[in-house]
Amino acid sequence: MAFNIVLIEPEIPNNTGNIGRLALATGSHLHLVKPFGFELNDKRLKRAGLDYWQHLGVTIYESADDFFKQHKDKPIAFFSSHAKKLFWEINYVNDLFLIFGKESVGLSHTIVKNNQDRLYKIPLYSEHIRSLNLANAVSVVTYEGLKHI
């Protein structure tokens, strides 16, 4: 397995479907943390994931607390536009957990505050944009990581 891609409270089914497809393509496992902004049987999720969804390894958690209790001792990298370190500085290792927040607001303030040493961002070179689309951000980070493991 390459990575563990974690979406905390994803809101947009198309993004989640595309990220699921990416996870399968990269040999990664997808972790989805509730609450979701859609139902798992949403046709937009299935359309974005195409017929690959059935082959994808997916684990679902009832809450962020549930997820972190189960994986507290694992290697983790968090992603936020509020980070100081760039994603190129990550020590990419096999089975690393890549943690992404919801599309509208990202990771919670508490997660960001408590994980500054493991918090990374993708640099943006325009003052006219706040962030990348979630599926694009996950793609950038995942494929960069594959170069290192």
Checklist outcome for this item: Subset of the stretch 4-23, residues more than 13 Å from the chain's Cα centre (by Cα) and modelled with pLDDT of 95 or more, comes to none
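Look at the stretch 60-93 and say how many of its residues are polar (S, T, N, Q) and either loosely packed, with under 13 Cβ neighbours inside 10 Å or in contact with a Leu (Cβ under 6 Å, 6 or more places away or on another chain) (or both).
Of the residues in the stretch 60-93, the ones polar (S, T, N, Q) are 63, 70, 80-81, 91.
The next check asks that each one be either loosely packed, with under 13 Cβ neighbours inside 10 Å or in contact with a Leu (Cβ under 6 Å, 6 or more places away or on another chain) (or both); those that pass are 70, 80, 91.
So the count comes out to 3.
A quick yes/no check of all residues on (1) aromatic (F, W, Y); (2) farther than 17 Å from H31 by Cα; (3) surrounded by 13 or more Cβ atoms within 10 Å (Cβ to Cβ):
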| position | (1), (2), (3) |
| --- | --- |
| D95 | no, no, yes |
| K102 | no, no, yes |
| V112 | no, yes, yes |
| N115 | no, yes, yes |
| R118 | no, yes, yes |
| I122 | no, yes, yes |
| N133 | no, yes, yes |
| V138 | no, no, yes |
| I149 | no, yes, no |
Checklist outcome for this item: Just one listed residue, out of D95, D66, D42, D51, is acidic (D, E) and on the phi > 0 side of the Ramachandran plot, and it is D95
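For the stretch 107-125, give me each residue that is within 16 Å of the chain's Cα centre (by Cα) and charged (D, E, K, R).
Initially, the stretch 107-125 is screened for residues within 16 Å of the chain's Cα centre (by Cα), giving 107-108, 111-112, 115, 118-122.
Passing the criteria: R118, K121.
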Item to check | Condition check for G27: buried (at least 17 other Cβ atoms within 10 Å of the Cβ) and at positive phi | outcome: no
Next on the checklist: For the condition farther than 22 Å from I12 by Cα, among the hydrophobic types (A, V, I, L, M, F, W, C) and in contact (Cβ under 8 Å) with a residue 60 or more places away in the chain, what is the one hit in L107, L146?
Outcome noted: L146
Next on the checklist: Which of the numbered conditions does H128 fail, given that it passes all the others? Conditions: (1) outside any helix (DSSP H, G or I); (2) within 15 Å of the chain's Cα centre (by Cα).
Outcome noted: (2)
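The values are calculated or read from the model by the stated rules, or taken from the named source; none is laboratory data. Please read these numbers as outputs of a predicted model, since none were measured by experiment. Backbone-built Cβ (ideal geometry, glycine too); neighbour counts: all protein chains shown.
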